[in-house]
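To start, the structure under review is shown below, and the notes come after it.
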Amino acid sequence: MAFTKEQTAALEEAIAAGVLSVRYADRTVTYQSLDAMRRLLKQMREEAGQGTAPARRRQRVVRLYQSGTGNV
């Protein structure tokens, strides 16, 4: 199912406001829970190619070793 940007924006606004009812054009949809709304928003973003937050990059650790006493 293709979702519009307006539908995604309306769902985001409803989640931010903490309400369970969303109005899309001439329809009103009432969700059972905030969790259901978040799952749908995730699906909408994935189908739109937005995905979720970008994957975190791993931190690189570089270790330096010195042999000898260190006196020059």
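We did not get these values from a lab; they are worked out from the coordinates using the rules stated. Computed from a predicted model, the values in this text were never measured in an experiment. Heads up, the Cβs are rebuilt from the backbone with ideal geometry, glycines too, and the neighbour counts pull from every protein chain shown.
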- Taking θ as phi - 60°, what are the ³J(HN,Hα) couplings along the range 13-18 by the Karplus curve (6.51, -1.76, 1.60), each to the nearest whole Hz, with x for Gly and Pro? 5, 5, 5, 5, 7, x
- TYR24 long-range amide H proximity, modeled H, under 5 Å: VAL29
- Once the Cβ-Cβ distance between ARG57 and GLU12 is put in as r, and R0 is 22 Å, what FRET efficiency do you end up with, to the nearest 0.05? 0.25
- Task: Could you please rank ASP26, ASP35, placing first whichever residue has the fewest other Cβ atoms within 10 Å of its Cβ?
- Result: ASP26, ASP35
